[in-house]
Amino acid sequence: MKTIIDMQEITKSYFIGHPNEFKALNDVNIRIGEGEFVAVIGESGSGKSTLMNIMGALDRPTEGKYYLDGIDVGQEKDHALSGIRNRKIGFVFQTFNLIPRMSALRNVELPMAYARVPGRRRAERARQLLEIVGMKDRMSHQPNELSGGQKQRVAIARAMANNPAIILADEPTGALDSTTGHLVMDIFHKLHEEEGKTIILITHSRELAGETERIITLRDGAVIAELAGSGKQGRTA
Amino acid sequence: MERSFFDWILLYIDKYGELFLQGTGITLLLAVVGTVAGGVIGLLVAIVREIHIEKNDILLKKIVVRVARVILGIYIEVFRATPMIVQGMVVFYGLAFGGIHLSPLAAGLGVISINTGAYISEIMRGGIISVDKGQTEGALSIGMTHWQTMLSIVLPQAIRNSLPAIGNEFIINIKDSAVLSVIGVAELFFQSKSAAGTYLQYFPAMVITCVIYLILTVIISRVLRYIEKRMDGPKNYKVDEKSELEYVLLH
C-alpha cells in the first residue's frame with residue numbers, strides 16, 4: 001500500500017509569552033496509506049485541530065517532516081500550498097463553511113474554477129457529484145435554504161470536486177442530529193468503498209470512530225494509542 | 001404692515017427659493033461625494049490595517065506594514081477626536097497659509113471625505129472581523145490564496161455587513177455638512193443664512209431649512225432601508241426537511 005500521509009516527528013509549538021512555550025503537538029508520527037479510512041480521536045485540547053491544519057497544509061509544523069503524497073509540505077511557499085490544498089485535499093468542516101448567496105452548484109464548482117477546469121466540464125462534474133451525495137434536486141438552492149444535513153452533503157460534494165487524494169473531515173457530524181450524522185457517515189463509507197478515497201475523520205466521538213478501519217488517539221498533543229476499528233459493521237446505533 | 005409667520009415663509013420661498021434649492025444641491029453633493037470617497041478611503045484603510053504580519057515575512061514588509069499602521073492609526077484618531085467644523089478651518093486656512101488656494105467647495109469636499117473615511121474605516125474593520133472564520137477556512141481549503149480569500153470571500157461579505165452603518169454615515173453627512181458653511185461652502189445652511197440676513201428674519205428662514213433637511217433625511221433613510229431589505233433576499237425560506245427522509249428511503 002502506497003503511503004499518502006507521512007508525518008515524521010511533527011511538533012507544533014506556540015509561544016504564549018516568554019519563556020513559555022506550548023506544544024500543541026509533540027513528536028507525532030503518523031503514516032496513512034492510500035485508500036485507508038482512519039479516525040483521529042481525542043478530547044478537546046488534545047491537538048486534533050492543529051493536526052488537521054497541518055495535515056491539510058493550512059499550517060506548517062514547527063519541527064519535523066510532513067510528506068503529503070511525496071511532497072515535502074514544510075518547504076513549499078504559500079502559493080504552492082494553496083495549489084496543494086486545491087488538488088490533493090478535500091476538506092469537510094463541522095460548520096460546513098459554504099459560501100453564502102452562491103447556489104449549491106456554484107459552491108461545488110468553485111474549487112474547480114481555481115484548478116482552471118473549463119466551465120462546461122465544471123458544471124457537469126458538479127452535477128454528478130451532487131447526485132452522488134443525493135442533492136440532485138437542490139442544486140440551485142443557496143446555503144441558507146438548506147438544512148444542516150443538506151449543507152454538509154453539498155460540502156462533501158465540494159470536497160470531492162478536484163478528485164482529491166484525501167478527504168479530511170473535521171467533526172463533520174458535530175452540528176447534526178444522529179440520524180443525519182449517520183447519513184453523512186454513509187456517504188463517507190460509499191466514497192471509501194466505491195471510489196477508494198483515503199478518508200481521515202477527526203472526531204471526539206468514539207462511536208463514529210468505531211466505524212472506521214483504524215483509530216488514532218491523541219492526548220496532550222501526542223499519539224497515545226492506535227487501534228483497529230471495526231468498519232461500517234461496527235455501528236452501534 | 002405687520003407680516004405674519006406664513007407671509008414670511010411665502011416671501012422667502014418666493015424670493016429665495018432658488019437659493020434654497022442651490023444650497024440643497026450642494027448639500028447633497030457634499031454628502032454623496034463624502035460618503036462615496038469616504039467609503040473608498042475607509043475600505044483601503046481597513047484592508048491595510050487588517051494585513052497580518054507572519055513570522056516568516058520579509059523584513060521590508062514587516063516595516064512597511066508597521067509604519068502604515070501607525071500613520072493610519074493617527075489619522076483615524078485625529079479625525080474622530082476633533083470636530084469637523086475645526087477640521088474644515090484648519091484644512092482650508094492651513095492650505096491657504098501654505099500657498100495652496102482651494103475653493104471653499106473643493107476644500108469642503110476634501111474635508112468631509114477624509115472625515116467620513118476615518119469613521120468608515122472603523123466600520124469596515126468591524127465588518128471584516130465579523131465575517132465568520134469558517135468562511136476563511138473554507139476558502140483556503142478549496143485552494144484560494146490569502147489575497148484571493150480576502151478579495152473574493154471576506155470583503156464582499158464585510159462590505160455587505162457594513163452597508164447599514166455606511167448608510168447611516170450618509171445621513172449624518174447630509175446634516176453635518178452644514179458646519180462647512182464656516183469656510184464659505186454654499187450649502188443649504190449657508191444659503192439659508194444669507195437669505196435670512198436680507199430681512200433679518202431668521203426664524204421663518206430656518207424653519208424652511210429645517211423642513212428641507214427633514215425631507216432629505218426621511219426620504220433617504222426610507223430608500224436605504226428598502227435597499228437593505230432587497231439585499232437580504234426573500235424573507236421566508238422553505239427549508240425542505242422532507243428530503244432527508246427521501247434520502248433514507250432511496251438509499
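The values are calculated or read from the model by the stated rules, or taken from the named source; none is laboratory data. Keep in mind that this is a model prediction, so the values were computed, not measured. As a convention, Cβ positions derive from the backbone with ideal geometry for all residues, glycine included, and neighbour counts pool all protein chains shown. When the accessible area is computed, the model is the full protein with side chains, heavy atoms only, and any ligands, DNA or RNA have been set aside. Shrake-Rupley method; radii C 1.70, N 1.55, O 1.52, S 1.80 Å.
Scanning segment A:104-138 for residues being in a helix (DSSP H, G or I), within 8 Å of chain B (Cβ to nearest Cβ) and within 23 Å of the chain's Cα centre (by Cα) gives a total of 3.
If you go through segment A:174-190 and keep only what is part of a loop (DSSP other than H, G, I, E, B) and free of Cβ contacts under 8 Å to residues at least 60 places away in the same chain, you end up with A:L176, A:D177. Here A:L51 does not fit the description of being within 28 Å of A:Q152 (Cα to Cα), in contact with a helix residue (DSSP H, G or I) (Cβ under 8 Å, 6 or more places away or on another chain) and hydrophobic (A, V, I, L, M, F, W, C).
If you go through segment A:191-222 and keep only what is open to solvent by 60 Å² or more (accessible area, probe 1.4 Å) and either in contact with a strand residue (DSSP E or B) (Cβ under 8 Å, 6 or more places away or on another chain) or assigned to a helix (DSSP H, G or I) (or both), you end up with A:E193, A:E194, A:E195, A:H204, A:R206, A:E207, A:E213, A:D220. Residues of segment B:90-97 include none that is over 30 Å from A:D78 (Cβ atoms), surrounded by 12 or more Cβ atoms within 10 Å (Cβ to Cβ) and in contact with an Asp or Glu (Cβ under 6 Å, 6 or more places away or on another chain).
Restricted to strands (runs of 3 or more DSSP E) entirely inside segment A:1-61, those with at least 1 residues that are open to solvent by 70 Å² or more (accessible area, probe 1.4 Å) are A:3-15, A:21-33. Do the conditions hold for A:I84, that is, is it open to solvent by less than 30 Å² (accessible area, probe 1.4 Å) and either without any contact (Cβ under 8 Å) to a residue 60 or more places away in the chain or under 19 Å from B:D57 (Cα atoms) (or both)? In short, yes.
Of the numbered criteria (1) under 23 Å from B:I215 (Cα atoms); (2) open to solvent by 60 Å² or more (accessible area, probe 1.4 Å); (3) modelled with pLDDT of 95 or more, the one B:Y202 fails is (3).
Scanning segment A:86-100 turns up one or more residues that are under 23 Å from A:R214 (Cα atoms) and aromatic (F, W, Y).
So that you can scan it fast, the table gives a plain yes or no per residue for (1) among the polar types (S, T, N, Q); (2) over 15 Å from the mean Cα position of the chain (by Cα):
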residue	(1), (2)
A:V154	no, no
A:M160	no, no
A:N163	yes, no
A:D177	no, yes
A:K197	no, no
A:A209	no, no
A:A225	no, yes
A:A228	no, yes
A:K232	no, yes
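Select, from B:I159, B:I100, the only residue that is more than 14 Å from chain A (Cβ to nearest Cβ) and open to solvent by 10 Å² or more (accessible area, probe 1.4 Å).
That would be B:I100, the only listed residue that is more than 14 Å from chain A (Cβ to nearest Cβ) and open to solvent by 10 Å² or more (accessible area, probe 1.4 Å).
Restricting to segment A:120-179, what's the tally of residues that are out of contact with any strand residue (DSSP E or B) (no Cβ under 9 Å at 6 or more places or on another chain) and of a type in the set (V, I, T)? Total meeting the criteria: 4. The condition of being closer than 27 Å to A:G231 by Cα and within 17 Å of the chain's Cα centre (by Cα) holds for A:E36.
Sub-9 Å Cβ pairs linking a first residue in segment A:213-232 that is without any contact (Cβ under 8 Å) to a residue 60 or more places away in the chain to a second residue that is loosely packed, with under 14 Cβ neighbours inside 10 Å, at least 6 apart or interchain, are A:K232/A:E193, ordered by first then second residue.
Selection of segment A:139-151 for residues being facing chain B (nearest Cβ under 10 Å) and open to solvent by less than 30 Å² (accessible area, probe 1.4 Å) yields A:L146, A:S147, A:G148, A:G149, A:Q150. Applying the set (1) surrounded by fewer than 20 Cβ atoms within 10 Å (Cβ to Cβ); (2) in contact with a helix residue (DSSP H, G or I) (Cβ under 8 Å, 6 or more places away or on another chain) to A:I187 leaves exactly one unmet item: (1).
For A:H79, the conditions (1) facing chain B (nearest Cβ under 9 Å); (2) in contact (Cβ under 8 Å) with a residue 60 or more places away in the chain are fulfilled apart from (2). Every condition in (1) touching a residue at least 24 places away in the same chain (Cβ under 8 Å); (2) in contact with a Leu (Cβ under 8 Å, 6 or more places away or on another chain) is met by A:D59 except one, and the failing one is (2). When each of B:T149, B:T145 is tested for being free of Cβ contacts under 8 Å to residues at least 12 places away in the same chain and open to solvent by less than 40 Å² (accessible area, probe 1.4 Å), the lone residue that passes is B:T145. Looking only at residues in segment B:123-148 that are touching a Gly at 6+ places or on another chain (Cβ under 8 Å) and part of a helix (DSSP H, G or I), the one that is farthest from the other protein chains (Cβ to nearest Cβ) is B:I123. Test B:L72 against the stated conditions and say whether it is modelled with pLDDT of 95 or more and under 16 Å from B:I41 (Cβ atoms). Yes; evaluated as a whole, the condition is true for this residue. Within segment B:96-120, being modelled with pLDDT of 95 or more and either at positive phi or aliphatic (A, V, I, L, M) (or both) holds for B:L105, B:A106, B:A107, B:L109, B:V111, B:I112, B:I114, B:A118, B:I120. For segment A:71-93, a tally of residues being in a loop (DSSP other than H, G, I, E, B) and at pLDDT 90 or above returns 1.
A:Y14 meets each of the listed conditions (1) under 26 Å from A:T212 (Cα atoms); (2) touching a strand residue (DSSP E or B) at 6+ places or on another chain (Cβ under 7 Å) apart from (1).
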